[in-house]
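Only one structure is covered here, and it is reproduced in the block below.
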Amino acid sequence: MTTSELIGVFDSGVGGLTVAERLQEALPALSFIYYGDTAHVPYGDREAKEVVGLIDKICRHLLQSGAQALVMACNTSSALAYEHVLSWSPRPVIGIIAEAAEAAAQATREGKVGIMANPLTAASGAYERELVRQAERHELGCVEGKAIGCPRLVPFIERGEVEGPAVEEALRAYWQPLERWGADTLILGCTHYPFLRPVLSKLVGPEVTIIDPAYYVAKRLQSLGLGNGAGQRQISYQVSGDPQDFARVGAQLLGRPLEPVIQVKL
Ligand code: DGL
């Protein structure tokens, strides 16, 4: 049996599954190995230097496992470690920030893009800088970004809690300053957040364009031209924490079983 070309995808936990789903839909001939660093989730509460070290190890592991390209299904990784991994990786590396910022800069009507992200991504300023760069690149006029750190959201999702009064209250508290500021476009700046989209969409209303970066990341992977060879498609999941927890919450969020899930400590 030959395995089709393998892509390494990773996140701190279940969030990157929102990206992996889009990648599988867009590129059905590719195989994927998904690494969830669940022993260290949430990244958003850690020091930037520590997170870069964790990402470095994950990327080396995925390449050693045969990955032909790496997809950072994690905004924090893209914000803090994209340039670093790009500097040594022999294979293509796809981030999230540039793809999402380009889509948001093109979507905004008033040039005001809100970003919900974890505290590390928000503090990095990566989205604000990239929005300005993309607006200049596409000659779109003035586009501003405003990022809000949302530390309460990832723990909800890692527990499989994606609705209910506590989730609504947290989302409202994070959205309000962006709404007051006048955001007409909202980037889901953490790959966990698309699981909250049904609640969030109701809260922000139809006038606000929500950008889920996963679609643009999938397009970028398509542009590499991989996945043309024959072979049997495979998807496997590895985690640094408890594989049963990941399989249970992942299956609950995606509505289908996730297997195999094994523990791989790096
Ligand atoms: N899902 C990741 C992101 O997109 C990381 C979230 C976290 O662990 O704080 O940034």
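The values are calculated or read from the model by the stated rules, or taken from the named source; none is laboratory data. Because the structure is a prediction, the values reported are computed rather than measured. Positions of Cβ are backbone-derived with ideal geometry, glycine not excepted, and every protein chain shown enters the neighbour counts. These accessible areas exclude ligands, DNA and RNA; they are computed on the full protein's heavy atoms, side chains included. Shrake-Rupley method; radii C 1.70, N 1.55, O 1.52, S 1.80 Å.
For this structure, a couple of remarks:
- A Cβ distance below 8 Å, combined with a sequence gap of six or more or placement on separate chains, defines the contacts here; from the range 125-147, residues that are free of Cβ contacts under 8 Å to residues at least 24 places away in the same chain reach residues that are of a type in the set (Lys, Arg) and surrounded by 14 or more Cβ atoms within 10 Å (Cβ to Cβ) in the pairs Glu128/Lys146.
- Filtered by the rule that a residue be part of a helix (DSSP H, G or I) and more than 15 Å from the ligand (Cβ to nearest atom), the range 86-103 gives Leu86, Ser87, Trp88, Glu102, Ala103.
- Considering the range 104-121, and only residues there that are in a helix (DSSP H, G or I) and farther than 14 Å from Glu144 by Cα, the residue that is nearest to the chain's Cα centre (by Cα) turns out to be Thr121.
- Pairs are defined by a Cβ separation below 9 Å, a sequence spacing of at least 6 or placement on different chains, a first member in the range 231-243 that is among the basic types (Lys, Arg), and a second member that is open to solvent by less than 10 Å² (accessible area, probe 1.4 Å) and assigned to a strand (DSSP E or B); the pairs so defined are Arg233/Ser31; Arg233/Phe32.
- Highlighted here are the helices (runs of 4 or more DSSP H) found entirely within the range 147-266 that include at least 1 residues which are open to solvent by 30 Å² or more (accessible area, probe 1.4 Å), modelled with pLDDT of 95 or more and over 17 Å from Asn118 (Cβ atoms): 165-181, 197-204, 214-222, 243-254.
- Residue check, Tyr193 aromatic (Phe, Trp, Tyr) and free of Cβ contacts under 8 Å to residues at least 60 places away in the same chain: no
- The set of residues in the range 123-133 that are within 11 Å of the ligand (Cβ to nearest atom) and open to solvent by 20 Å² or more (accessible area, probe 1.4 Å) contains only Ser124.
- Residue match in the range 108-119 (condition: open to solvent by 10 Å² or more (accessible area, probe 1.4 Å) and closer than 26 Å to Val52 by Cβ): yes
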